[in-house]
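Comments concern the structure below.
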Amino acid sequence: MTTEDQLEQLCLDWFRVRGYSTAYGPDIAHDGDTPERRDYQEVVLTGRLLTALQKINPHIPLATLEEAAQAVTKPESPVLIHNNRAFHKLLLEGV
């Protein structure tokens, strides 16, 4: 039987093989050595999201990209299925 740690290591290896870099969670926590989030409830690393959006959309103003990041990170509804549908629509039709 595979443990949670073994599964995590397999996934991290899978990402590394595909060229992704990884970071140690406690290091990027709000109280870590290189914080990238305000608290543990912040799931999306907004700084990384904005960097990626700028990289793939260099012609779009930063303010517009910040609005797009807000649209995909702030749920419109407390109902998960509604949020999933709204996010899917953004993926298909754009922000």
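Laboratory data are not the source of any read-out in this text; all were calculated from the coordinates shown. As the structure is a computational prediction, the values presented were derived from the model and not from experiment. Don't worry about glycine lacking a Cβ; one is built from the backbone with ideal geometry, like all the others, and counts go over all protein chains shown.
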Largest fluctuation, ALA23, ALA69, ALA52 only, Gaussian network model of the chain with Cα springs under 10 angstrom, belongs to ALA23
From the Cα centre of region 20-41 to that of region 69-95, the distance in Å is 25
For the chain, longest principal axis from Cα atoms; helix 62-73 axis from its Cα atoms; angle between them, nearest 10 degrees, is 60
What one gets for region 1-40 as the Kirkwood radius, inverse of mean 1/r over different Cα pairs in Å, is 11.5
Rounded to the nearest 10 degrees, the helix 80-93 long axis (Cα) sits at an angle to the longest Cα principal axis of the chain of 70
Among (i) 32, 13, 9; (ii) 36, 15, 9; (iii) 26, 19, 16, the value of semi-axes √(5λ) of the Cα gyration tensor in Å computed for this structure carries the label (iii)
To the nearest 10 degrees, the tilt of helix 46-56 (Cα long axis) against the first principal axis of the alpha carbons of the chain is 70
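First obtain the Kirkwood hydrodynamic radius of region 44-95 from its Cα pairs, then insert it into the Stokes-Einstein equation at 4 °C and 1.567 mPa s, and state the resulting D in µm² per second as a whole number. Kindly include the intermediate steps, with their values, before the conclusion.
Numbers: Rh = 11.7 Å.
Reported coefficient: 111 µm²/s.
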Comparing THR64, THR46, THR73 in a Gaussian network model of the chain (Cα, 10 Å), the one with the largest mean-square fluctuation is THR64
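What size of dipole, in debye to the nearest 20, comes out for the chain about its Cα centre when the only charges are +1 on Lys and Arg C-beta atoms and -1 on Asp and Glu C-beta atoms?
Using Cβ point charges on Lys, Arg, Asp and Glu, the chain gives about 460 debye.
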Going from the fewest other Cβ atoms within 10 Å to the most, one would list ILE28, ILE81 as ILE81, ILE28
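Using a Förster radius of 22 Å, what is the FRET efficiency between ARG16 and ARG48 based on their Cβ-Cβ separation? Nearest 0.05, please. Mind dumping the intermediate values first?
On the way: r = 17 Å, r/R0 = 0.77.
With R0 = 22 Å, the Cβ-Cβ based efficiency is 0.85.
FRET efficiency for HIS30 and HIS82, Cβ-Cβ distance as r, R0 = 30 Å, nearest 0.05? Before the final figure, lay out the partial values.
Details: r = 29 Å, r/R0 = 0.96.
For HIS30 and HIS82, the calculated efficiency is 0.55.
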